[in-house]
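Below: one structure, written as structure tokens.
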Amino acid sequence: MTTKFDELLGQFHAYLASIDSTLVADAVARIDWNMAVRNLQPRPLACVRHLDRAVELAPPAAKPLMRLLAGQRNELHWGQTYTEADFGKAFIDNYGWLEVFGTRGHFANDAVAAGLLILGPEIVYPDHHHVAEEIYIPLTGGTEWRMGEGSFAKREAGEVVHHASNVNHAMRTGKEPLLALYIWRGGPLAQKSNITGTVTQGRG
């Protein structure tokens with residue numbers, strides 16, 4: 001059955017296939033892209049207001065995906081792991097994720113989950129870890145990323161960021177928002193992430 005989100009899945013696949021990375025190529029090759037659609041209700045969040053700026057910041061290869069995402073923003077089912085009680089209103093108003101496919105996404109996949117994360121400007125996503133291996137590709141540049149005991153370092157759009165199983169990682173945005181594509185594999189796809197000692201249903 002053809003759905004209005006098939007083009008989104010297609011553009012998501014096409015962008016991943018364009019990335020010059022053995023790690024990403026292996027992940028893409030292992031995904032069965034013939035997925036059943038889920039009928040999810042739209043759930044727009046405050047963070048989707050950052051999509052217009054993210055489109056402006058995106059490299060050319062990512063723009064078709066991001067323009068489509070921005071155009072469908074209010075029809076998609078966006079998720080949030082946390083509440084205002086966890087990290088405050090500023091965080092919640094500038095944070096959200098879209099699972100394109102996975103155990104809860106617009107397309108069903110029990111083997112791998114993938115989607116997009118939004119963080120608004122001047123937001124810290126604190127240290128967290130999970131069993132699943134995670135591959136991130138920032139679609140906007142300038143966000144600082146930290147892994148393990150290392151320091152924060154800026155990553156540019158199109159870079160591949162790899163978080164191995166159970167390795168702590170964190171993100172910190174500057175004056176611009178972050179839109180990043182993620183892939184989760186090799187572990188429970190809806191596992192609870194451990195964040196600064198608090199176990200929470202997580203994505204990222």
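The values are calculated or read from the model by the stated rules, or taken from the named source; none is laboratory data. Note that the coordinates shown come from a computational prediction; the quantities given were computed from them, not determined experimentally. Counting neighbours? That spans all protein chains shown, and the Cβs are built from the backbone with ideal geometry, glycine included.
Here the helices (runs of 4 or more DSSP H) wholly within the range 14-76 that include at least 3 residues being among the charged types (D, E, K, R) and within 30 Å of LYS89 (Cβ to Cβ) are 51-57.
Residue count for the range 120-149 under the criterion of being surrounded by fewer than 20 Cβ atoms within 10 Å (Cβ to Cβ), in a loop (DSSP other than H, G, I, E, B) and at pLDDT below 80: the result is 3.
For the range 77-111, a tally of residues being touching a Ser or Thr at 6+ places or on another chain (Cβ under 8 Å) and in a helix (DSSP H, G or I) returns 2. Being crowded, with 17+ Cβ neighbours inside 10 Å, in contact with a strand residue (DSSP E or B) (Cβ under 8 Å, 6 or more places away or on another chain) and over 21 Å from MET35 (Cα atoms) holds for only one residue in ALA62, ALA153, ALA157, ALA113, and it is ALA157.
Within the range 21-62, the set of residues being in contact (Cβ under 8 Å) with a residue 12 or more places away in the chain and farther than 25 Å from THR140 by Cβ comprises ARG30, ASP32, TRP33, MET35, ALA36, VAL37, ARG38, LEU40, GLN41. Testing ALA29 on (1) surrounded by 14 or more Cβ atoms within 10 Å (Cβ to Cβ); (2) modelled with pLDDT of 95 or more; (3) hydrophobic (A, V, I, L, M, F, W, C), one condition comes back false. Which one is that? With (1) surrounded by 14 or more Cβ atoms within 10 Å (Cβ to Cβ); (2) modelled with pLDDT of 95 or more; (3) hydrophobic (A, V, I, L, M, F, W, C) applied to ALA29, the lone miss is (1).
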